[in-house]
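**Student:** The structure under discussion is supplied below as structure tokens; questions concerning it will follow.
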Amino acid sequence: MVPALDRDAVPRLVVKVGSALLVDADGNVRRAWLETLVADIADRVALGQQIAIVSSGAIALGARRLKLPKGGRASLEDAQAAAATGQIALSQCWAELLAAHGLTAAQMLVTLDDLEDRRRYLNASATLHRLIGLGVVPVINENDSVATAEIRFGDNDRLAARIAQAAGAQGVVLLSDVDGLFTSDPARDPKAQRIDRVGRIDAAIIAMAGGGTSSGMGSGGMASKIEAAQIAASAGVDLVIVSGLHDHPLARLAQGGCGTLFVADGSTRAKKAWLAGRLTVKGSVHVDAGAVKALKGGASLLPAGAKSIEGKFARGDVISIIGPDGVAIARGLSEYDSADAERIAGKRSDALAAVLGYSPRAALIHRDHMVML
Ligand code: GLU
């Protein structure tokens with residue numbers, strides 16, 4: 001069993017589908033193939049694995065409908081118009097196919113900025129968690145029709161890695177039109193060999209990725225897949241690049257199908273480094289002994305467990321969690337700014353709305369955005 005498809009190791013999985021798999025050369029959805037993928041997804045869900053989908057294809061689908069040249073990628077305006085036109089068809093298609101298996105789809109369109117900005121990151125993350133918790137299958141794409149060149153991911157490979165991070169997933173499968181990472185370009189070099197497993201992404205691995213995309217339809221290519229693997233690794237998420245050119249690509253992968261697995265450092269070390277490296281600590285929350293015990297058991301920090309707040313911080317800033325003995329036990333992204341955190345410290349969750357005057361987040365720091373020290 002490929003680790004990404006092991007439900008126990010990866011209870012939550014992001015599956016990314018590239019444009020070249022979704023859309024044929026005539027600009028139509030490859031529906032028969034997609035049905036086989038959705039059947040696989042439904043099987044995974046039935047086995048208890050939670051799935052989020054990152055789907056490309058909006059630009060490719062829309063370009064055809066609008067009869068735009070160069071697959072809709074001749075200019076940013078063309079790409080944005082194509083994305084807006086194609087996205088509606090794409091969502092409808094996913095919703096229909098998932099519904100045929102009794103699954104509810106939800107659409108989320110995000111930009112790079114949404115996931116870089118700490119506050120919006122927390123919002124996107126909370127929505128993903130809630131959707132997945134409700135048993136819904138989120139279908140995510142970049143919000144191409146509003147993103148400018150500077151705030152675009154540009155490719156959905158990196159988007160998929162960031163979504164995995166935000167959704168608290170443990171694995172990503174990038175379904176592509178290539179079989180994985182090769183020692184050299186397999187189209188040109190008969191001696192090119194596929195690499196099964198990558199532990200550390202070093203200069204040699206990056207050099208192998210070269211550039212470009214074989215289909216010319218998406219914007220990805222191997223280089224962006226390696227970048228995605230780097231983002232995933234830094235968040236402790238495993239990533240597999242595998243060919244989706246066959247029917248039932250996930251079932252095939254589960255049976256040991258080929259591909260390249262990028263193994264992340266699964267310990268909390270990677271997550272800790274990500275949190276630590278990303279931002280400086282802006283404040284702290286002092287908690288009671290009960291909260292310390294709950295946090296050590298893997299719970300989120302609720303306002304009721306907070307005794308006092310120190311420092312000035314914004315929602316999404318990193319703060320320390322300090323136990324009764326004055327020792328910092330954890331660190332995480334605050335769901336509240338310091339003023340609101342002070343107002344709700346010590347309050348029970350059902351009292352928060354009355355204190356704040358708005359519908360609040362249940363946790364002061366969610367366990368997915370926290371590392372124990
Ligand atoms: N977001 C783009 C689309 O839906 C695709 C980006 C990519 O090629 O990865 O068409």
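The values are calculated or read from the model by the stated rules, or taken from the named source; none is laboratory data. Remember, it's a predicted structure, so these values are computed and weren't measured experimentally. As a convention, Cβ positions derive from the backbone with ideal geometry for all residues, glycine included, and neighbour counts pool all protein chains shown. To get the accessible areas, we keep the full protein, side chains included, count just its heavy atoms, and leave off ligands, DNA and RNA. Shrake-Rupley method; radii C 1.70, N 1.55, O 1.52, S 1.80 Å.
**Student:** For the range 333-373, what are the residues that are open to solvent by less than 20 Å² (accessible area, probe 1.4 Å), among the β-branched types (V, I, T) and more than 16 Å from A124 (Cα to Cα)?
**Tutor:** Correct list: I344, V371.
**Student:** Identify all residues within the range 236-257 that are open to solvent by 20 Å² or more (accessible area, probe 1.4 Å), farther than 19 Å from R7 by Cα and not acidic (D, E); write none if there are none.
**Tutor:** Passing the criteria: L245, H246.
**Student:** Show me the strands (runs of 3 or more DSSP E) found entirely inside the range 294-342 where at least 3 residues are modelled with pLDDT of 95 or more.
**Tutor:** Result: 306-310.
**Student:** Here is a further query. So L90 clears everything in (1) near the ligand (Cβ under 9 Å from one of its atoms); (2) surrounded by fewer than 18 Cβ atoms within 10 Å (Cβ to Cβ) except one condition, right? Which one?
**Tutor:** Going through (1) near the ligand (Cβ under 9 Å from one of its atoms); (2) surrounded by fewer than 18 Cβ atoms within 10 Å (Cβ to Cβ) one by one, L90 breaks only (2).
**Student:** I need every pair where a residue in the range 291-302 that is at negative phi and surrounded by 12 or more Cβ atoms within 10 Å (Cβ to Cβ) has its Cβ under 7 Å from the Cβ of a residue that is of a type outside the set (F, W, Y) and part of a helix (DSSP H, G or I), sequence separation at least 6 or different chains.
**Tutor:** Close Cβ pairs satisfying both conditions: A291/G305; A294/G305; A299/R367; S300/R367; L301/A291; L301/L295; L302/S349.
**Student:** Within the range 10-64, take every residue that is among the hydroxyl-bearing types (S, T, Y) and buried (at least 22 other Cβ atoms within 10 Å of the Cβ) and give me the one that is farthest from the ligand (Cβ to nearest atom).
**Tutor:** S55
**Student:** Another question, if that's okay. Checking G210 against (1) modelled with pLDDT of 90 or more; (2) open to solvent by 10 Å² or more (accessible area, probe 1.4 Å); (3) more than 30 Å from A363 (Cβ to Cβ): exactly one of these is not met. Which one?
**Tutor:** Single failed check for G210: (1).
Listed here are the residues, each with its yes/no results for (1) within 16 Å of the ligand (Cβ to nearest atom); (2) more than 15 Å from I231 (Cβ to Cβ); (3) surrounded by fewer than 23 Cβ atoms within 10 Å (Cβ to Cβ).
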| position | (1), (2), (3) |
| --- | --- |
| E116 | no, no, yes |
| R130 | no, yes, yes |
| R152 | yes, yes, yes |
| I163 | yes, no, no |
| G171 | no, no, no |
| S176 | yes, yes, no |
| D179 | no, yes, yes |
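**Student:** Does the range 65-77 hold any residues that are away from the ligand (no atom under 12 Å from the Cβ) and free of Cβ contacts under 8 Å to residues at least 40 places away in the same chain, and which are they?
**Tutor:** Matches in the range 65-77: R65, L66, K67, L68, P69, K70, A74, S75, E77.
**Student:** So for the range 182-197 (the condition being modelled with pLDDT of 85 or more, out of contact with any Ser or Thr (no Cβ under 9 Å at 6 or more places or on another chain), away from the ligand (no atom under 15 Å from the Cβ) and open to solvent by less than 70 Å² (accessible area, probe 1.4 Å)), does at least one residue qualify?
**Tutor:** yes
**Student:** Enumerate the pairs (first residue in the range 38-62 and more than 17 Å from S19 (Cβ to Cβ); second residue anywhere and outside any helix (DSSP H, G or I) and open to solvent by 10 Å² or more (accessible area, probe 1.4 Å)) with beta-carbon separation below 6 Å, excluding pairs fewer than 6 apart on the same chain, so at least 6 apart or on different chains.
**Tutor:** From residues that are more than 17 Å from S19 (Cβ to Cβ), the pairs are D40/H248; A42/H101; L47/R7; G48/R7; Q49/R7; Q50/R12.
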